[in-house]
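The values are calculated or read from the model by the stated rules, or taken from the named source; none is laboratory data. Values in this document were obtained by computation on a predicted structure and should not be read as measured data. Here Cβ is always computed from backbone atoms with ideal geometry, including for glycine, and neighbour counts include all displayed protein chains. Note: accessible area is taken over every heavy atom of the protein model, side chains too, but ligands, DNA and RNA are not part of it. Shrake-Rupley method; radii C 1.70, N 1.55, O 1.52, S 1.80 Å.
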Amino acid sequence: MIKLHIKKGDMVYVLSGDDRGHKGRVLSVDRAKCRAIVEGANIVTKATKPSAKYPQGGLIKKEAPIHISNLSLIDPKSGKPTRIALRRENGKCVRIAKKSGQEIK
């Protein structure tokens with residue numbers, strides 16, 4: 001598995017695609033496929049049969065995965081997209097925003 005710069009719960013900015021410029025929270029990350037699901041971005045319409053979860057069935061709108069390379073973390077200080085540096089501090093790997101130098105939690 002590869003080390004990814006994005007984790008579940010991060011605020012990200014969509015760099016390319018139909019939802020370019022959208023900001024949202026990461027709901028889940030698929031490390032094997034290098035994809036993440038972002039809240040409110042890349043909405044697709046899916047036809048479903050009636051089930052216990054969806055008794056009515058019909059068309060359902062949900063988020064589809066976006067490739068990690070099309071996402072950038074948002075700097076906690078400025079609120080703009082930034083690149084990430086990984087540093088070791090006290091035996092732990094810490095993510096640092098390149099624009100402000102602030103740690104990303």
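So the values come out like this:
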{"item": "Percentage relative contact order, the chain, counting C-alpha pairs under 8 Å, at least six apart", "result": "21 percent"}
{"item": "Length gained when the stretch GLN102-ARG20 is fully extended (0.36 nm per residue, less Cα-Cα span)", "result": "27.0 nm"}
{"item": "Simple label model, 7 Å out from Cα along Cβ direction - LEU59 to ALA47, nm", "result": "1.1 nm"}
{"item": "Of VAL14, ILE74, ALA85, farthest towards positive along the dipole that unit charges on Lys, Arg, Asp, Glu beta carbons give the chain", "result": "ALA85"}
{"item": "Rounded, prolate or oblate (a/c below 1.5 giving rounded, otherwise prolate when a/b exceeds b/c) for the chain by Cα gyration tensor", "result": "prolate"}
{"item": "Apportionment of accessible area to carbon and sulfur, the chain, percent (1.4 Å)", "result": "50 percent"}
{"item": "Per residue, in Å², the accessible surface of the chain once ligands and nucleic acids are set aside, probe 1.4 Å", "result": "70 Å²"}
